[in-house]
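Below you'll find the structure, written out as structure tokens, and then a few comments.
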Amino acid sequence: MNTFGQNIKEDFIIENGFVCVNHSSFGFVPKEVFQQRIQHYTKFLQNPDRFTKIDYPKYTIEIRKTAAEFLNADFNQCMLTSNSAEAFNSIIRNLGLTENDTILYFSTAYPMVQNTIQFMTSNYNVKQNRIELKRQHLEKQKILSLFEEQLKTQKITIAVFDNISAQPSLIMPIKELISLCKKYNVISIVDAAHGAGITVLDIKDLDPDFLFTNFNKWAFCPSGINILYLKEQYLNKIHHNTISVQYGNGLAKECEFSGTKDFSLSLSLIDGVNFIKKYGLNQIIKYSEDLAWEGANLVAQIWQTELLVNDKSMHSAMVNVKIPHQDQNYCRECQKKCFEKYNVFLVVFKYDDLNWSRLSASLYNTISDYEYAARCYLKVLKGEE
């Protein structure tokens, strides 16, 4: 792994002096991907009519085929969307749900997912069933037990769950959750926003009804590239959430053109996947997961606190560490001060009445980044800055 760490940092577009321990929110782009991005954008600007009307429909096939191969899915079931919100809304608002339907989800679901479910409740009277996950529940078998109990005892139409949750960040047992959905005849929707590039997503093996994943977070692409997978039986039921000129011409066409935008952006998916192939997905995952685990344990040692979960198998390249302060507002104030004074940003969130920080790792990180982040934030917390 000598290729990674400080040796590769100069190959990324990262502000000089910025110490990043939050790769997971937006991701960072390699210079070679960025240079290709400029070439694609220039080509689009030079002749937007030709690019959009003639070239882009051919490009989208190549992009979707690249994504399908990377995710081990069928090409005709992989659609281009801009982000997870666009993908999830396109699914959930086109399934014809009514007051007779119930959506099951975990309390750790991303706010976008929870807000969209609330929209369905407020506007279509769809019922919702929320499984509360507390600290004592954060074990694989307990999560599965809580999930199956609801499927057994309640009339559930759809279950939505993360591949890797955001806050707190934990690997969810999606293969088993999908199997339980099949057992109880429930539609499965996997939020794999944290998926492509940081875990092996084998869709043919997992076999969900729906799955969407960002390529900007961990697959080294610019923001605005997402893939929506859906089973073939839903291809004629789901429409893009933005109704535009291609409405009714099939989901692939609707996703291809949902309104005027930078049509060159999605070509970066090919460049990001090629970057991953150059170094090897398994090698990238191992380096990032091991460093996040080592870094988080170092932070916990410096702060004299603890990790949220001590089972390494439940963590990806993001690990949660308890912040040594009870006041949430103060912790957020210190987050801002630390960012302004030391140019390092730590994710701060409240979970189960305690304050936590989520620390992530990517190829360009080294253990010194986590020591720096921990000591800077602690200084601010103690008012020593």
Report the Stokes-Einstein translational diffusion coefficient (µm² s⁻¹, integer) for the stretch 123-259, Rh taken as the Kirkwood radius over Cα pairs, at 10 °C with viscosity 1.306 mPa s.
96 µm²/s
Return a whole-number percent for the relative contact order of the stretch 47-275, with Cα pairs under 8 Å and 6 or more residues apart as the contact set.
25 percent
Average projected area [Cα convex hull, the stretch 234-368], square nanometres
12.7 nm²
Lysines with Cα under 16 Å of LYS286, excluding same-chain neighbours fewer than 8 positions away
LYS277, LYS278, LYS312
How large is the Rg to Rh ratio of the stretch 47-275 when both quantities use alpha carbon positions and Rh follows Kirkwood?
0.97
PHE4 neighbourhood, Cβ < 14 Å, K/R = +1, D/E = -1, net charge -3
Quick one: length gained pulling GLU99 to PHE18 fully straight, 0.36 nm per residue minus the C-alpha distance?
24.2 nm
Could the peptides 184-190, 211-217, 16-22 be put in order, highest first, of the mean number of other beta-carbon atoms found within 10 Å of their residues?
211-217, 184-190, 16-22
When 1/r is averaged over all different Cα pairs and the result inverted, which Kirkwood radius in Å belongs to the chain?
21.8 Å
How high is the relative contact order of the stretch 146-202, in percent, counting Cα pairs under 8 Å that sit 6 or more residues apart?
40 percent
With no solvent and one equal point scatterer placed on each C-alpha of the stretch 37-134, evaluate the Debye formula and give log10 I(q)/I(0) for q = 0.16, 0.18 Å⁻¹, two decimals.
-0.85, -0.92
Using Cα-Cα distances under 8 Å and only pairs 6 or more residues apart, what relative contact order does the chain have, in percent?
23 percent
Which whole number in µm²/s is D for the stretch 1-70 by Stokes-Einstein, with the Kirkwood Rh taken over Cα pairs at 4 °C and 1.567 mPa s?
87 µm²/s
FRET efficiency for PHE339 and ILE367, Cβ-Cβ distance as r, R0 = 25 Å, nearest 0.05?
0.75
Nearest 20 debye, what's the magnitude of the dipole of the chain about its Cα centre given +1 on Lys and Arg Cβ and -1 on Asp and Glu Cβ?
320 debye
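Computed from the coordinates by the stated procedures, all read-outs in this text should not be read as laboratory data. Computed from a prediction, not measured in an experiment: that's the story for all the values here. As a convention, Cβ positions derive from the backbone with ideal geometry for all residues, glycine included, and neighbour counts pool all protein chains shown.
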